[in-house]
Amino acid sequence: MAPTVLTISSRNYSSWSLRGWLLCRLAGLEVEEQMISIDDPNNRAELLLLSPSVLVPRLTHQGSSVWDTLAIAEYLNELYPEARMYPADPKARAHCRSICGEIHSGFANLRSALPMNLRTVPHKVRVFTGAKPDIARIETIWQECLAAHGGPFLFGSTPTVADAMFAPVTRRFITYDVDLSKPSRDYCRTIGEWEPMLEWIAAAQDEPEELEALEVEF
């Protein structure tokens, strides 16, 4: 049988690769990681936030090739319902899918203002005006979920697809020392202590490649 492969790009810079990998961990699916070089033009465009890439993340599993993080989430949820990747309650599940869609397709100003960089030393930056509404909206999403479901994850005591989708945002907020409310800070800490997240961050520290355009001082 062919191996199960998750094609990713940079562990350090690629928020989409991180999401895809976390989704596989949520499902309990063991994967071989296949890296695309940052010299690949499509991959480089994705990392520089110029355009999304259909190349990463891509899950190759039992003859299927699935790309795009939401497609991967739905595919894994169908295959492994016992993993409970979405909330059991139908209303909560609909809410979970809605906020996942929102982070998947929105917040462009936040992405460009605060690119993911797991190896950089946390430091304060001035957040440009266009990104502030994105930050405020994300805090609202988090606070509503945490208040409704009791935390520490967005939909209760165990992580869901929503946590995988918002995990890179928590790192952006930590990296650039964004001013947050206490519930949001606590949520960032929860994701930072999540075992798969710790594993990914540790691997990113050993990644040799650097993308100079994302190593500038803000």
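Residue count for the range 137-185 under the criterion of being in contact with a Lys or Arg (Cβ under 9 Å, 6 or more places away or on another chain), more than 14 Å from L114 (Cα to Cα) and among the polar types (S, T, N, Q): the result is 2. A Cβ distance below 8 Å, combined with a sequence gap of six or more or placement on separate chains, defines the contacts here; from the range 177-194, residues that are in contact (Cβ under 8 Å) with a residue 24 or more places away in the chain reach residues that are assigned to a helix (DSSP H, G or I) and aromatic (F, W, Y) in the pairs L180/F173; P183/W142; S184/W142; S184/F173; Y187/W142; I191/F166.
Selection of the range 122-152 for residues being crowded, with 20+ Cβ neighbours inside 10 Å and among the aromatic types (F, W, Y) yields only W142. In this structure, does P87 turn out to be at pLDDT 95 or above and at negative phi? Answer is yes for this residue. Scanning the range 66-100 for residues that are of a type in the set (G, A, S) and not in a helix (DSSP H, G or I) returns a single hit, A88. Within the range 64-83, the presence of at least one residue that is more than 28 Å from L114 (Cβ to Cβ), at pLDDT below 95, outside the structural domain of G101 (by TED's automatic domain parsing) and over 18 Å from the mean Cα position of the chain (by Cα) is confirmed.
For the range 108-121, a tally of residues being free of Cβ contacts under 8 Å to residues at least 40 places away in the same chain and surrounded by 18 or more Cβ atoms within 10 Å (Cβ to Cβ) returns 1. T160 meets all of the listed conditions (1) surrounded by fewer than 21 Cβ atoms within 10 Å (Cβ to Cβ); (2) of a type in the set (S, T, Y); (3) in contact with a Cys (Cβ under 9 Å, 6 or more places away or on another chain) but one, namely (1).
The values are calculated or read from the model by the stated rules, or taken from the named source; none is laboratory data. What you see is a predicted model; the values in this text were computed from it and never measured. No Cβ is skipped: glycine too gets one built from the backbone with ideal geometry, and neighbour counts run over all protein chains shown.
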